[in-house]
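Here is the structure we will look at, set down as structure tokens.
Coordinate-derived values only; no laboratory data. Owing to the predicted nature of the structure, the values given are computational and were not obtained by experimental measurement. As a convention, Cβ positions derive from the backbone with ideal geometry for all residues, glycine included, and neighbour counts pool all protein chains shown.
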Ligand code: BTX
């Protein structure tokens, strides 16, 4: 509810300080009983609160889940993630996001789950999304751009996720065109961009982001052991998923705002700084073809250019890349 958001924003701004029931009631414009009721609900949700007589309330520990309230406490964005739809377990957050998008939710709405039973990768592949260990979320955007520019948002998302991971863990991930984020050559993040469009006009873009955060090596199924990793495996530390989510939202909002004002160029430069495939001989498997050659870079639209042995430059819109 709006009231709950205002309450959490107040605690976000207060930092370590106590806030009195009276102060909160006046700030939000509700009764002290209503404040108390919300504090009780937060406690039930798993937050640990401290109530000190004559001083007020303080939140001393948050939940282990990635509920809307958990993400909201400490969130400083203005529209990305300000409207969160959380469920503990779902088939796929993409499915729910598609439904919400066609119902007309505000831009920046996020669907997030602690587990996906049938998480989706590209081309009908699966995305392994076990409970409480990763970030499984779908972001709904409504940019006023032509269809052909949609791939740029996949690249923008990759930059935002990399910046978030870098800030929280100190690790420096690499991006493999178009949508893989790797650490030490292993996949820690996948991005799936889907569209709702009519003719040439985008109605919504739904960006699915899957990040392996606290999985241990043995949590991955056998077929992923060699090629997947998590932030826990790479750092040896348990990472707060909610903190990482907030950090990614922050970076995303900055980049997306820049993109809408200045276009793809500034994003392209940032992206290239993290890209591993550029300048290398790669093999690109598209749905119909295999193209082998040197990855020259991406076009201003975000399309990959590969020069084959005969010197012909292919423009690749979607493929799997082997380095
Ligand atoms: P992709 O097609 O590039 O990658 C899928 C492939 O990656 C799989 O075939 C498998 O080999 C491997 N894989 C599966 N699970 C994992 C994992 N947890 N870690 C590393 N590698 C894995 C990438 O597709 C796009 C993934 C998007 C996932 C998000 S999660 C939230 C949203 N909801 C949803 O259903 N999908 C998106």
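For the reader, a short list of remarks on this structure follows.
- Taking other Cβ atoms within 10 Å as a rough exposure proxy, 229, 17 sort from fewest to most as 17, 229.
- Mean projected area in nm² (Cα convex hull; one quarter of hull surface) for segment 281-322: 2.7 nm²
- Residue order, fewest to most surrounding Cβ atoms within 10 angstrom, among 24, 224, 7, 323: 323, 224, 24, 7
- Residues within the reach of a label modelled at residue 2 (point 7 angstrom out along Cα to beta-carbon, backbone nitrogen below 17 Å), restricted to segment 67-90, are 79, 82-84.
- Segment 21-49-segment 144-204 distance, computed between alpha-carbon centres (Å): 38 Å
- Residue order, fewest to most surrounding Cβ atoms within 10 angstrom, among 205, 112, 239, 281: 281, 239, 205, 112
- Helix axis angle, 93-103 relative to the chain longest principal axis, alpha carbon, degrees: 80 degrees
- Taking only the Cα atoms of segment 1-147, the radius of gyration and Dmax are 17.6, 59 Å.
- The residue 309 and residue 199 beta-carbon pair, evaluated with R₀ = 41 Å, returns a calculated FRET efficiency of approximately 0.55.
- Shape of segment 215-323, Cα gyration tensor, a/c cut at 1.5: oblate
- Spatial separation of Cα centroids for segment 256-298 and segment 86-128, in angstrom: 26 Å
- Computed from the Kirkwood radius of its Cα pairs, the Stokes-Einstein diffusion coefficient for segment 179-224 at 4 °C and 1.567 mPa s stands at 101 µm²/s.
- Average 1/r across all pairs of distinct alpha carbons in the chain, invert it, and you get the Kirkwood radius: 21.0 Å.
- Global form of segment 2-61, assessed from the alpha-carbon gyration tensor, a/c cut-off 1.5: rounded
- Per residue, the chain reaches -10500 deg cm²/dmol at 222 nm when only DSSP H runs of four or more residues are counted, each adding -39500 (n - 2.57).
- Relative contact order (percent, whole number), the chain, Cα cutoff 8 Å, 6+ residue spacing: 13 percent
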